[in-house]
Amino acid sequence: MRFDVVTIFPELFPGPLGQGVIGRALQRGLVQVHAHDLRQHAEPPHWKVDDEPFGGGAGMVFTPEPLALAIESVREQGAAGPVVFLSPQGDRLTHAMAQEFAHEPQMTLVCGRYEGIDQRIRDGFVDREVSIGDYVLTGGELPALVLIEAVARLVPQALGDPDSARFDSFVDGVLDYPQYTRPAEFRGRTVPAVLRSGDHARISAWRRRESLRTTALRRPDLLANLDLNDEEQAFVDECLESVKSAREDNAPEVN
Ligand code: ADE
């Protein structure tokens, strides 16, 4: 899969993607990251890519022409895929969205800076806006790196062990179960005996329950999308009840 990134900081790419699993996928050519310098599509001698916002206000806005030229030049190089603008106003990046993108042969990521980019680019050149969370960063480069990492690891053969993606948190709508490795006892803390039993059915059942417990305690909003059997539902209800009574026990008394 190929990622084309339009940015004023092309030197930030591939950056951290050059290491580890994605780094190996880059070396093997399974994933390609091409950064395009937005300034090269601006006018000499100043190569200016931003201007003051119409209507006034703080900060600068990326002007439309260099962005349009940069996106068009990526398309002329044969890119066929969605154009995504990284923005706090976008759809929140989820694992399901990453899986959708991983089916594309290519995608173009547009990184803004300052107060944003001219709305006409968003209206006429961008297929989708994506946010990596409800906080504001100074630009789209780190979000683009996050998006590439989330998508590239799902590209077939990018992960050494395909099971690592199959059992990820969120894949089946629940958070991951706890993991342990050697030693069996660490500073007085032991590994749950079931994990050393060799009984794969019991291990799977334990992992499922622990996933449900973590999800109920930390991300109860995810529970609505699960299709639980009666036993699982009863277990989740128990977990939610224990959180509720712990909260009531800790609540200050109201006079
Ligand atoms: N640009 C600035 N903040 C961002 C965010 N949270 N997600 C995506 N792009 C951004």
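The values are calculated or read from the model by the stated rules, or taken from the named source; none is laboratory data. Since the structure is predicted, the reported quantities are computational estimates derived from the model, not experimental observations. Note that each Cβ is placed from the backbone with ideal geometry, even for glycine, and that neighbours are counted across all protein chains shown. Just so you know, the surface numbers come from the protein's heavy atoms only, side chains and all, with ligands and any DNA or RNA stripped out. Shrake-Rupley method; radii C 1.70, N 1.55, O 1.52, S 1.80 Å.
A few points about this structure:
- Residue ranges 16-22, 61-67 sort as 61-67, 16-22 when ordered by packing (mean number of other C-beta atoms within 10 Å per residue, highest first).
- Amide H within-cut-off set for LEU175, under 5 Å, with H built and near neighbours excluded: PHE170, THR215
- With a 1.4 Å probe rolled over the protein heavy atoms of all chains, the accessible area of THR7, THR138, THR214, THR94 falls in the order THR138, THR94, THR214, THR7, largest first.
- Helix axis angle, 230-250 relative to the chain longest principal axis, alpha carbon, degrees: 90
- On Cα atoms only, tilt of 200-218 relative to the major axis of the chain in degrees: 60
- For ARG247, net neighbour charge (Lys/Arg +1, Asp/Glu -1) across residues whose Cβ lies under 14 Å away: -3
- Accessible area per residue for the chain, computed on protein heavy atoms with a 1.4 Å probe, is 61 Å².
- Percent RCO, i.e. relative contact order, over the chain, from Cα pairs under 8 Å lying at least 6 residues apart: 18
- Antiparallel content of DSSP bridges confined to the chain, in %, to 5: 20
- Shape of region 118-198, Cα gyration tensor, a/c cut at 1.5: prolate
- Overall, the anisotropy analysis places region 185-250 in the oblate class: the square-rooted eigenvalues a ≥ b ≥ c of its C-alpha gyration tensor yield a/c not less than 1.5, with a/b not exceeding b/c.
- Two-decimal ratio, region 75-159, of alpha-carbon radius of gyration to 2.2 N^0.38 Å: 1.07
- Computed over the chain, the P(r) tail beyond 33 angstrom holds 39 percent of alpha carbon pairs.
- Peptides 180-193, 98-111, ordered by how many other C-beta atoms sit within 10 Å of their residues on average, highest first, read 98-111, 180-193.
- At full extension, ASP227 and SER242 could sit 3.2 nm farther apart than now, given 0.36 nm per residue minus the alpha carbon distance.
- At 1.567 mPa s and 4 °C, Stokes D of region 2-152 from Kirkwood alpha-carbon radius, µm² per second: 83
- For the chain, calculated [θ]222 nm from helices alone, where every DSSP H run of n ≥ 4 adds -39500 (n - 2.57): -11000 deg cm²/dmol
- Crossing angle, helix 64-76 versus the chain [Cα axis fit, 0-90 degrees, rounded to tens]: 80
- Normalised by 2.2 N^0.38 Å, where N is the number of residues, the alpha-carbon radius of gyration of region 141-255 equals 1.36.
- Solvent-accessible area, 1.4 Å probe, carbon plus sulfur percent, for the chain: 50
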